[in-house]
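**Student:** Just dropping this structure here.
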Number of protein chains: 2
Amino acid sequence: MLHFEHKFDAKIGKRAEEKIEEVFKAMQKERDSGKIGYYDLPQNGFDLLKEVEDYKKKNSLLKENSIRDVVVIGIGGSSLGTKAVYELLKDQVKTKKRLYFLENVDPLDITRTLKKINKNKALFIVISKSGSTIETTSIFKYIMEKYKFSFKNKEDMKKFIAITDKGSALSMLADKNGIKQFNIPLNVGGRFSVLSAVGIVPLSLVDIDIKGVLKGAKEFVDSFFEEKENNLLDKAYFYSKSAKNFPINVMFTYSSLFNYFNQWYVQLWAESLGKINKFGENVGLTPIHLIGSVDQHSFLQLIIQGPKNKTVTIIKIEDFKKPVKVPKLSLDFLEKVDYINGHKFNKLINAECEATYETIVDENIPADCISLDKITAENIGSLILYYELLTSAVGQFLEINTYDQPGVEFGKIKLVKKFTK
Amino acid sequence: MLHFEHKFDAKIGKRAEEKIEEVFKAMQKERDSGKIGYYDLPQNGFDLLKEVEDYKKKNSLLKENSIRDVVVIGIGGSSLGTKAVYELLKDQVKTKKRLYFLENVDPLDITRTLKKINKNKALFIVISKSGSTIETTSIFKYIMEKYKFSFKNKEDMKKFIAITDKGSALSMLADKNGIKQFNIPLNVGGRFSVLSAVGIVPLSLVDIDIKGVLKGAKEFVDSFFEEKENNLLDKAYFYSKSAKNFPINVMFTYSSLFNYFNQWYVQLWAESLGKINKFGENVGLTPIHLIGSVDQHSFLQLIIQGPKNKTVTIIKIEDFKKPVKVPKLSLDFLEKVDYINGHKFNKLINAECEATYETIVDENIPADCISLDKITAENIGSLILYYELLTSAVGQFLEINTYDQPGVEFGKIKLVKKFTK
């Protein structure tokens with residue numbers, strides 16, 4: 001269960017209702033026309049999950065339980081969403097399997113990560129939508145050589161999975177060499193792909209409750225198109241309408257487990273919304289991610305007393321499902337903090353969360369709160385869809401193409417020239 | 001060795017030289033008057049380090065090498081800087097000792113971290129400048145109870161160190177119960193305290209080359225006050241002068257190992273510079289931290305095509321000191337990425353770094369580059385001082401109190417009321 005509330009007057013300006021209705025219809029059209037595919041991922045995920053279960057039964061290494069380390073080789077949209085879900089839910093499953101990520105081409109990072117992996121118990125998932133991402137293909141080659149894998153050895157090829165667009169170079173390579181592949185629908189962009197094979201395959205291989213994630217996601221997207229999530233459209237309207245006054249959107253999550261979820265949000269928001277609009281103007285909103293209570297001791301100062309150029313969204317977990325308490329222990333000279341004695345840490349972090357929220361509201365900073373009754377697969381699925389739909393809605397209001405990324409291509413061209421000139 | 005360059009015309013507006021000179025003098029005065037203490041930490045750190053070495057010889061648990069897990073209990077300024085240095089330098093030492101952080105009161109995070117710690121091999125460092133930080137004292141109490149430690153047991157008390165202001169409640173508690181304590185100079189604020197006992201003690205206990213860090217820090221602060229780092233003042237002038245046009249400062253580090261360093265920068269920058277100035281205006285600059293090459297695939301889009309409201313600082317490592325290479329392996333259908341074959345990952349990440357830098361400069365976004373010849377203790381020490389001095393300089397130009405944090409107190413008052421009303 002997710003609960004939403006916002007503490008600002010969303011419907012500023014003229015014709016708010018009318019514009020909100022237009023955007024809702026445009027999003028329906030994106031979905032119904034099949035132009036944008038992420039809306040259907042929760043629905044289609046259940047079939048894909050069956051395909052993954054079948055594959056698990058067919059791959060002898062998985063059947064015999066001789067895989068322990070599942071290693072994703074992928075960057076950006078090919079890893080961030082999976083990392084986010086894994087970090088939030090990994091403590092909830094009893095399994096010896098572990099998920100690792102080879103993401104950056106930083107040689108120190110590659111070395112550090114590979115030290116943790118046992119080659120004999122490892123399975124590698126090479127993920128690239130385009131099929132030729134330079135970081136991913138380079139690390140793939142490095143793994144092939146370091147562990148002396150051969151494309152000609154069928155047993156070696158069982159240790160690889162490819163996830164890519166059908167017909168890409170990586171897809172053809174997989175076909176030719178007998179590597180199992182799963183495809184990403186062509187109408188689903190990288191940063192919206194966590195509920196495609198990109199996330200489902202690795203998460204399922206390490207026993208995360210991906211069915212629950214899909215269920216929560218489906219419930220939320222259905223609810224949205226049944227017009228039961230008007231709060232989302234109101235917020236998107238307000239964010240786009242007041243983008244000049246509030247160009248920065250802070251997500252302040254009160255749990256350390258949201259670290260990678262926050263980073264996923266940052267990618268989704270920044271890359272989708274930072275665009276040149278149809279009038280040739282540079283538009284977009286800048287995301288910031290914070291963790292409470294830690295960042296109360298730092299960034300909060302800037303929110304409260306710095307320029308009033310930020311909106312803040314608090315994410316709160318009602319019940320952490322952990323009974324750990326502050327003991328009834330009075331420390332010499334520290335009697336003034338005895339007020340916390342006997343209370344759960346759960347209560348302390350939530351009291352801090354509420355205190356921050358109230359302080360921000362007192363300062364007339366546009367703030368809203370999303371509360372999760374607990375951290376469950378279903379709730380995380382819903383929250384993923386909430387943010388994807390919010391991004392699409394803001395993109396519609398800003399009159400931009402939410403789904404492309406022309407600006408990141410400039411550097412890629414320069415890169416190739418550095419090696420080929 | 002650090003090298004600095006910037007690609008913008010820093011000395012905009014009238015009387016630039018004069019104002020820069022004024023700020024330099026104001027910083028000299030802050031240091032010489034003893035009002036602000038962090039300038040002297042590198043100098044004083046060597047004596048402190050001797051004290052730590054003496055303590056290591058006296059504490060029988062450390063002498064007998066029966067400590068493996070050093071656990072910092074501290075939040076914000078009491079942990080972030082230490083985490084930053086540890087993450088950057090931990091691979092460079094051969095030791096079985098590990099540093100852990102109990103920072104957040106998130107019950108899931110506490111549980112997850114404690115699972116990794118062996119009570120019998122653990123030493124706990126309780127760090128709180130004020131001595132009564134609610135998160136820190138609560139976790140301290142929890143550890144006392146969970147592991148059945150007793151204040152009356154001298155052997156138990158050997159497993160604790162307190163780091164706090166002299167005379168604080170925690171300091172008095174340590175005195176009374178025979179807990180070893182180190183003090184933070186009263187003129188050093190939490191977020192500027194990494195080179196005080198706050199960082200030196202835990203880092204030294206896990207064998208990090210803190211002497212090298214101090215050496216690099218001292219070299220940089222000396223060089224600054226010898227007027228050899230004019231680039232820093234020019235940049236600070238430009239950042240403050242153009243704060244309305246460029247309210248956001250991105251730090252884009254090309255190495256995954258900088259993750260916590262970047263977070264340390266975010267705290268330092270946000271909490272120091274987000275203030276009400278002497279004219280009653282809300283001023284400040286908003287920090288963003290990115291990791292290359294990962295965030296090239298996401299946030300870069302917003303920098304390039306979104307609103308031109310950001311400055312960007314690239315941090316580049318010339319030599320990662322790891323020989324890992326992309327093998328000379330041509331993959332079927334992926335021949336187009338063969339241009340990278342035979343090159344070091346070191347070369348790839350730096351080519352990506354340069355491509356990003358050039359792309360940003362092409363877009364007329366104010367950009368600068370700090371390059372480190374390699375990741376060494378000395379260079380990290382210099383970089384810490386660079387950012388602390390830059391923060392002080394911007395604060396001077398903005399005419400604010402860089403060293404207080406009145407805004408974070410509002411929430412603390414609300415918190416206490418939630419438990420005591």
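**Student:** Under the definition of Cα pairs under 8 Å and six or more residues apart, what whole-number percent is the relative contact order of chain A?
**Tutor:** Dividing the mean separation by the residue count of chain A yields 22 percent.
**Student:** Something else now. Starting from the Cα gyration tensor of chain B, multiply each eigenvalue by 5, take the square root, and state the resulting semi-axes largest first in whole Å.
**Tutor:** 37, 29, 21
**Student:** In nm, what is the difference between 0.36 nm times the number of residues separating residue B:54 and residue B:211 and their Cα-Cα distance?
**Tutor:** 55.0 nm
**Student:** How big is region B:38-208 along each principal axis, measuring the range of its Cα positions in Å and listing the largest first?
**Tutor:** If we take the Cα atoms of region B:38-208, the spans are 41, 37, 33 Å.
**Student:** Interface B/A, total buried accessible area with a 1.4 Å probe, nearest 100 Å²?
**Tutor:** That pair hides around 10500 Å² of surface in total.
**Student:** With runs of 4+ DSSP H residues as the only contributors, calculate the mean residue ellipticity of chain A at 222 nm using -39,500 (n - 2.57) per run, divided by the residue total and rounded to the nearest 500. Don't skip to the answer; put the middle values down first.
**Tutor:** Working: 16 runs with 197 residues, N = 421.
Computed ellipticity for chain A at 222 nm equals -14500 deg cm²/dmol.
**Student:** Over region A:348-421, what percent of the accessible surface lies on carbon and sulfur atoms, probe 1.4 Å?
**Tutor:** Solvent-exposed carbon and sulfur of region A:348-421 make up 49 percent of the total.
**Student:** Okay, which of region A:357-400 sit inside 14 Å, backbone N to the point 7 Å along the Cα-Cβ direction of residue A:321?
**Tutor:** A:372-381
**Student:** Sticking with this structure for a sec: Just tell me how shielded B:76-89 is by partners: mean number of partner chain Cβ atoms within 10 Å of each residue's Cβ, no decimals.
**Tutor:** 1
**Student:** Another question about this same structure. Using 23 Å as the Cα-Cα cut-off, could you pick out the over-long pairs in A:215/A:347; B:19/B:228; A:141/A:417; A:90/B:316; B:58/B:218?
**Tutor:** On the way: A:215/A:347 29 Å; B:19/B:228 17 Å; A:141/A:417 21 Å; A:90/B:316 34 Å; B:58/B:218 29 Å.
In this structure, A:215/A:347; A:90/B:316; B:58/B:218 exceed 23 Å between Cα atoms.
**Student:** Relative contact order of region A:38-208: what whole-number percent is it, with Cα pairs under 8 angstrom and at least 6 residues apart?
**Tutor:** Result for region A:38-208 is 31 percent.
**Student:** Moving on to the next point. Taking only C-alpha pairs under 8 Å that are 6+ residues apart, what is the relative contact order of region A:296-357 in percent? Spell out each step's value before the answer.
**Tutor:** Values: 37 pairs, mean separation 20.9, N = 62.
Relative contact order for region A:296-357 comes out at 34 percent.
**Student:** Here's a follow-up. Treating the point 7 Å from Cα along Cα-beta-carbon as the label, what are the nm separations from residue A:373 to the other copies, to one decimal?
**Tutor:** 6.2
**Student:** For the protein assembly as shown, restrict the atom set to alpha-carbon positions and state the Rg and Dmax in Å.
**Tutor:** Both quantities, over Cα of the protein assembly as shown: 26.3, 75 Å.
**Student:** Another one. Hey, if we sort B:278, A:7 by accessible area with the 1.4 Å probe, largest down, what's the order?
**Tutor:** B:278, A:7
**Student:** Between residue A:281 and residue B:282, with labels modelled 7 Å along Cα→Cβ, what's the label distance in nm to one decimal, could you check?
**Tutor:** Going from the residue A:281 label point to the residue B:282 one covers 2.2 nm.
**Student:** Now, a different point. Can you list the distances in nanometres, one decimal and ascending, from the residue A:60 label point to the identical position in each other copy, with the point 7 Å along Cα to Cβ?
**Tutor:** Distances to the matching label points in the other copies: 5.9 nm.
**Student:** Still on this model: Put the label 7 Å from Cα along Cα→Cβ for residue B:186; what are its distances to the other copies, in nanometres, shortest first?
**Tutor:** So the label point of residue B:186 gives 7.3 nm to the other copies.
**Student:** Follow-up. With a probe of 1.4 Å, find how much accessible area chain A has per residue, and write the answer as a whole number in Å².
**Tutor:** Averaged over the residues of chain A, the accessible area is 37 Å².
**Student:** Also: If amide H atoms are built 1.01 Å from N in the plane of the peptide, which residues on other chains or at least 5 residues away come under 5 Å of the amide H of residue B:161?
**Tutor:** Under 5 Å from the amide H of residue B:161 lie the amide H atoms of B:124, B:125, B:126, each far enough along the sequence or on another chain.
**Student:** Here's a follow-up. Please check region A:101-115 for residues whose accessible area, probe 1.4 Å, is lower by 50 Å² or more when all protein chains are in place than in their chain alone.
**Tutor:** Flagged in region A:101-115: A:104, A:105, A:106, A:107, A:108, A:112.
**Student:** To continue, here is another question. Please report, as a whole percent, how much of the solvent-accessible surface of region A:38-208 comes from carbon and sulfur atoms (probe radius 1.4 Å).
**Tutor:** 48 percent
**Student:** As a test question: what accessible area, to the nearest 10 Å², does residue B:343 have when a 1.4 Å probe is rolled over all protein chains in place?
**Tutor:** Surface open to solvent at residue B:343 totals about 50 Å².
The values are calculated or read from the model by the stated rules, or taken from the named source; none is laboratory data. Note that the structure is a prediction, hence the values are computed from the model and not measured. Glycine gets a Cβ as well: all are built from the backbone with ideal geometry, and neighbour counts include every protein chain shown. Just the protein is used for accessible areas: all its heavy atoms, side chains included, with ligands, DNA and RNA removed. Shrake-Rupley method; radii C 1.70, N 1.55, O 1.52, S 1.80 Å.
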